[in-house]
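Written below as structure tokens is the structure these notes are about.
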Amino acid sequence: MSRPQIYVNLPVDDLARSVAFFTALGFAFDARFTDENATCMIVSDDIFVMLLVRPFFQTFTRKTVCDRSCTEAILCLSQPDRAAVDAMVARARAAGAGVPEAAVDHGFMYQHGFEDPDGHLWEVMAMDPDAFPGA
């Protein structure tokens, strides 16, 4: 049986700006699923982020689409180690992201994060599950 894939859909105000931002972080895009309304950002073989311009995103739901004043989800990306976490956050900051919180070291997990140009929150973490208290 094949593993399921995840497609996270995010509304964006300016698709070209979002593509430039995530390209600066090292992500690639699938041109087959890209037009003036959307693009498919490749996170891994099984994880994709569909960046959809707000009016197009709205066609998928009857509910009000969140704006910068609220948070509906925090997306978390794992990295192999603390240096990779810091490097990704530094690339995000250099590409125009906000960094609303300082990095936190929990011992078994190191986390930091950024707010992308559309206000979406991204957590970046490196974790050693074997070091989790009680493991």
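All of the numbers you see were taken from the coordinates with simple rules; none came from a lab. As the structure is a computational prediction, the values presented were derived from the model and not from experiment. FYI the Cβ positions are ideal-geometry reconstructions off the backbone, even for glycines, and counts take in every protein chain you see.
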For segment 1-61, compute Rg over Rh where Rg is the Cα radius of gyration and Rh is the Kirkwood radius from the inverse mean 1/r over Cα pairs. 0.98
Suppose every Lys and Arg Cβ carries +1 and every Asp and Glu Cβ carries -1, with no other charges. What dipole size does the chain come out with about its Cα centre, to the nearest 20 debye? 300
Most positive-pole-ward Cα, ASN9, CYS70, VAL53, against dipole of the chain from beta carbon charges: VAL53
So, counting K/R as plus one and D/E as minus one, what does the shell of residues with Cβ under 14 Å around GLY96 add up to? -2
Mind running the shape call on segment 78-126? Use the C-alpha gyration tensor, a ≥ b ≥ c as the square roots of the eigenvalues: rounded below 1.5 for a/c, prolate if a/b tops b/c, oblate otherwise. prolate
Expressed in whole Å with the largest first, what are the equivalent ellipsoid semi-axes of the chain derived from the C-alpha gyration tensor as the square root of 5 times each eigenvalue? 27, 17, 15
Output the 0 to 90 degree angle, nearest 10, between the alpha-carbon long axis of helix 82-94 and the longest principal axis computed from the alpha carbons of the chain. 40
What does the net charge come to around ASP67 if you take all other residues with beta carbon closer than 15 Å to its beta carbon, with K and R at +1 and D and E at -1? -3
Report the relative contact order of the chain, percent, no decimals, based on alpha-carbon pairs under 8 angstrom and at least 6 residues apart. 23
Extension gain (nm, one decimal) between ALA94 and ALA20, 0.36 nm per residue minus Cα-Cα: 25.4 nm
Among 38-49, 71-82, how do they line up by average Cβ neighbours within 10 Å per residue, starting with the highest? 38-49, 71-82
Ranked from highest to lowest mean number of other Cβ atoms within 10 Å per residue, what is the order of the peptides 97-105, 112-120, 61-69? 112-120, 97-105, 61-69
When the helices in the chain are scored as -39500 (n - 2.57) per DSSP H run of 4 or longer and the sum is shared across all residues, what 222 nm value do you end up with, to the nearest 500 deg cm²/dmol? -6000 deg cm²/dmol
Stretched fully, the stretch from CYS66 through ASP35 gains (0.36 nm per residue minus C-alpha distance, one decimal, in nm) 8.9 nm
As an exercise, use a Förster radius of 25 Å and the Cβ-Cβ distance of HIS106 and ALA28 to find the FRET efficiency, rounded to the nearest 0.05. 0.20
